[in-house]
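Since the structure comes first, as structure tokens, the remarks are kept for the end.
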Amino acid sequence: MNELITTESDTGSLSDEERQTYIGLYLLKKLDLKPEDGGIRFPVVLPSEYAPLDEYLQELAVADLIAIDQKTAAWKLTKQGIAYLGEVIDEAEALIDEFDDAEEDEMLEALDQRGLDPVRARFLWGWYEDEFDDLVLFQQRRGVKPVENLWAFYLTDKRFLDLIADEVRG
């Protein structure tokens, strides 16, 4: 996918539900990975650098995708969360398998013909391919100024997801 260098949203923002979905997927991936692979243990009482994630973790818990591990006082994936993550991974793999060699406009046209959301496809592609794993590096590569060094704050800032949306809508 082509990189787009921009620091502001040009085309409008995503709905709160879309933001919850994408931020939730990001957090589920972090919970699923081992620490040596970029995974993170989120304690129930979050340290200040993770403070913006609290409401998103709570929403994941309400959806029964994560729960509190009583032994560690940290969030963990539930069986339902693991199953959901598997479904989304399958969806991302199918997109990549089908469109890996396609031109961007070709892919967008095919998604439009099927009634599929191109923003979701773009997010899943980057999410699956680890493009968003280091959000500081992600910002630097796109010329975002100023760079937010606390990734949780950037993840939950509308600029991150609006940048993704602008790549396919712009």
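Summary table below
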| item | result |
| --- | --- |
| Filter result for the condition that a residue is of a type outside the set (V, I, T), in contact with a Phe, Trp or Tyr (Cβ under 8 Å, 6 or more places away or on another chain), surrounded by 15 or more Cβ atoms within 10 Å (Cβ to Cβ) and under 24 Å from L161 (Cα atoms), over Y84, Y56, Y50 | Y50 |
| Residue satisfying all of: in segment 143-159; within 16 Å of the chain's Cα centre (by Cα) and at pLDDT below 95; surrounded by the fewest Cβ atoms within 10 Å (Cβ to Cβ) among these | K158 |
| Matching entry among L95, L108, L135, L60 (being within 17 Å of Q20 (Cβ to Cβ) and touching a helix residue (DSSP H, G or I) at 6+ places or on another chain (Cβ under 8 Å)) | L60 |
| Test: I68 is modelled with pLDDT of 95 or more, β-branched (V, I, T), surrounded by 12 or more Cβ atoms within 10 Å (Cβ to Cβ) and within 21 Å of Y128 (Cβ to Cβ) | no |
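Okay, residues lined up against (1) out of contact with any Pro (no Cβ under 7 Å at 6 or more places or on another chain); (2) under 19 Å from D133 (Cα atoms); (3) among the aliphatic types (A, V, I, L, M):
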| residue | (1), (2), (3) |
| --- | --- |
| E36 | yes, yes, no |
| I40 | yes, yes, yes |
| P43 | yes, no, no |
| S48 | yes, no, no |
| P52 | yes, yes, no |
| A61 | yes, no, yes |
| G86 | yes, yes, no |
| E106 | yes, no, no |
| L111 | no, no, yes |
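The values are calculated or read from the model by the stated rules, or taken from the named source; none is laboratory data. Please read all numbers here as calculations on a predicted model, not as lab measurements. Positions of Cβ are backbone-derived with ideal geometry, glycine not excepted, and every protein chain shown enters the neighbour counts.
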